[in-house]
Amino acid sequence: MNFTLSEEHLLVKRMFAGFCSREIRPHGEEIDRSEELLPKVLRKCTGQGFWAALIPADYGGAGMDILSYMLMLEEIARADLSTALTVNIHNSLVVKSLMDHGTPEQQERFIEMLASGESLGAFALSEPAAGSDVAAMRLGATSVDGRYCLQGSKSWVSNGALAGLFLVFARAEKGITAFLVERETPGLQVGYREKTLGLRGLSINTVYFDECTIPPENRLGEEGQGLRIALQALSLSRLGVAALGLGGAERALEEGVRFSIEHIQFGVPIAKKQTIQNYVADAQAVTEALRCLVTQTAMLAEAGQPYSQEASIAKLFGSRVAYDVTDLMVQVHGGYGYMKDYAIERYYRDCRALELIEGTTQVQQFLIARDIYHREGLDISI
Ligand SMILES: Cc1cc2nc3c(=O)[nH]c(=O)nc-3n(C[C@H](O)[C@H](O)[C@H](O)COP(=O)(O)OP(=O)(O)OC[C@H]3O[C@@H](n4cnc5c(N)ncnc54)[C@H](O)[C@@H]3O)c2cc1C
């Protein structure tokens, strides 16, 4: 497989890099401090087509291929991780599910508002007792007079405060089922906003459903297909998290290298100390390995090949690389790395979440091991 980016992809990467460093990066600290995505930044994202990335051109979208999309996520993550995760959730989990499983009527109803950023998407899967074990979810979808009545709650719904459309998974008569629920639907209430270690621009909320009645036209796919829809979407968003890890690691390395050149100890820049050089070299090596994984998996996905195991591998490796590299670069900064004046402090907190979201590290390990043993004829599922 050839990992060299084509002229077209290089152009796309340069364009996103330029935009993100001009329009998003200068606001990263403010996003963290104010704990919200800034409307002026969101408007710029709309102008750049971020919300329409995966919508085909004949639906008025940007029609990006998967590799371009990953390059875009990487560059946004270099500028700000909260914004990057918002874009990943909106596109990989909500828009893509609608494009893959929606009826033409559903696409006509929702695509335009999602593409324009007028409405952001949120993905409501987790519950307090159903995180890794999503099949244990309890949110009920009871049939009442030909409609569905949702009763229960979802926890930690990212984009909760901003979203206009929630992709909600609930237990119907034939099993877990996906529903498109508009924010204004009576009975849906966006509740408590979590206080978080990092990714503070992201609004993570509990969402309550109290006799929230929705028509069958809002069901995505067939009854009982919800888990399949969720897992398919999660493959793409896991690859997206790996791209976020790549952008996060690159930014951390950039911050560490600059600091090590400017910071003087014992009369010389600390970059002249071999231990610092080793940290930087190790960080660069794993970052480049991650780039190959993301590129390879994006190419597989674009070619229409199965890629869920590769996405798990990329996510497992990418979230660790992001954690390890930000940790090393905090060390390069010494005490300054612990201070809010330096971007590395924020990246260290933000990147920590990547091992938790969209399936924890342990869940990825299980999925990868399950495939390996399956090929050997052994079922390790409980
Ligand atoms: C920043 C952030 C944003 C999020 N956004 C969303 C969102 O938009 N939508 C949404 O639906 N959810 C969201 N979540 C929830 C996230 O998906 C869950 O946190 C994640 O799936 C893990 O579930 P849990 O936290 O309940 O942990 P648990 O499943 O309770 O796990 C606790 C620990 O046990 C380990 N563990 C669990 N089962 C096993 C096993 N079988 N083998 C080995 N180890 C195991 C886990 O890896 C973990 O270390 C978000 C979470 C965070 C932190």
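The values are calculated or read from the model by the stated rules, or taken from the named source; none is laboratory data. Everything numeric here is computed off the predicted structure, so don't read it as measured data. Positions of Cβ are backbone-derived with ideal geometry, glycine not excepted, and every protein chain shown enters the neighbour counts. Side chains included, ligands, DNA and RNA excluded: accessible areas come from the protein's heavy atoms. Shrake-Rupley method; radii C 1.70, N 1.55, O 1.52, S 1.80 Å.
Computed quantities for the displayed model
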quantity: SER132 vs. criteria surrounded by fewer than 24 Cβ atoms within 10 Å (Cβ to Cβ), under 30 Å from TYR347 (Cα atoms) and in contact with a Pro (Cβ under 6 Å, 6 or more places away or on another chain); calculated: no
quantity: LEU93 being surrounded by 15 or more Cβ atoms within 10 Å (Cβ to Cβ), within 16 Å of the ligand (Cβ to nearest atom), of a type in the set (A, V, I, L, M, F, W, C) and assigned to a helix (DSSP H, G or I); calculated: yes
quantity: One residue from GLY201, GLY256, GLY226 being surrounded by 23 or more Cβ atoms within 10 Å (Cβ to Cβ) and within 19 Å of LEU180 (Cα to Cα); calculated: GLY226
quantity: Residue within the range 70-85 that is more than 29 Å from ARG219 (Cβ to Cβ) and either at pLDDT below 95 or in contact with an Asp or Glu (Cβ under 6 Å, 6 or more places away or on another chain) (or both) present; calculated: yes
quantity: Residue check, THR185 within 14 Å of the ligand (Cβ to nearest atom) and open to solvent by 10 Å² or more (accessible area, probe 1.4 Å); calculated: no
quantity: Strands (runs of 3 or more DSSP E) contained in the range 172-263 and holding at least 1 residues at pLDDT 95 or above, under 14 Å from the mean Cα position of the chain (by Cα) and not assigned by TED's automatic domain parsing to the domain that holds ASN278; calculated: 204-214
quantity: Scan of the range 343-367 for residues that are among the acidic types (Asp, Glu) and closer than 18 Å to ALA243 by Cβ, ordered by number; calculated: ASP350, GLU355, GLU358
quantity: Filter result (in contact with a His (Cβ under 9 Å, 6 or more places away or on another chain) and not small (Gly, Ala, Ser)) within the range 296-351; calculated: VAL332, HIS333, TYR336, MET339, TYR342, ILE344, GLU345
quantity: Among (1) away from the ligand (no atom under 14 Å from the Cβ); (2) hydrophobic (A, V, I, L, M, F, W, C); (3) in contact (Cβ under 8 Å) with a residue 12 or more places away in the chain - the single one ALA303 does not satisfy; calculated: (3)
quantity: Flag for ALA52 being within 16 Å of the ligand (Cβ to nearest atom), within 17 Å of the chain's Cα centre (by Cα) and in contact (Cβ under 8 Å) with a residue 60 or more places away in the chain; calculated: no
quantity: Given (1) open to solvent by less than 10 Å² (accessible area, probe 1.4 Å); (2) touching a Cys at 6+ places or on another chain (Cβ under 9 Å), number of the condition GLU23 does not satisfy; calculated: (1)
quantity: Any chance ALA122 is open to solvent by less than 30 Å² (accessible area, probe 1.4 Å) and either of a type in the set (Lys, Arg) or within 13 Å of the ligand (Cβ to nearest atom) (or both); calculated: yes
quantity: Matching option when the condition is outside any helix (DSSP H, G or I) and open to solvent by 40 Å² or more (accessible area, probe 1.4 Å), among GLU108, GLU36; calculated: GLU36
quantity: Any pair with Cβ under 7 angstrom, 6 or more apart, that starts in the range 193-208 at a residue that is under 13 Å from LEU356 (Cβ atoms) and ends at one that is among the hydroxyl-bearing types (Ser, Thr, Tyr) and in a loop (DSSP other than H, G, I, E, B); calculated: ILE204/THR196
quantity: Residues of the range 128-165 that turn out to be assigned to a strand (DSSP E or B) and at positive phi, as a count; calculated: 2
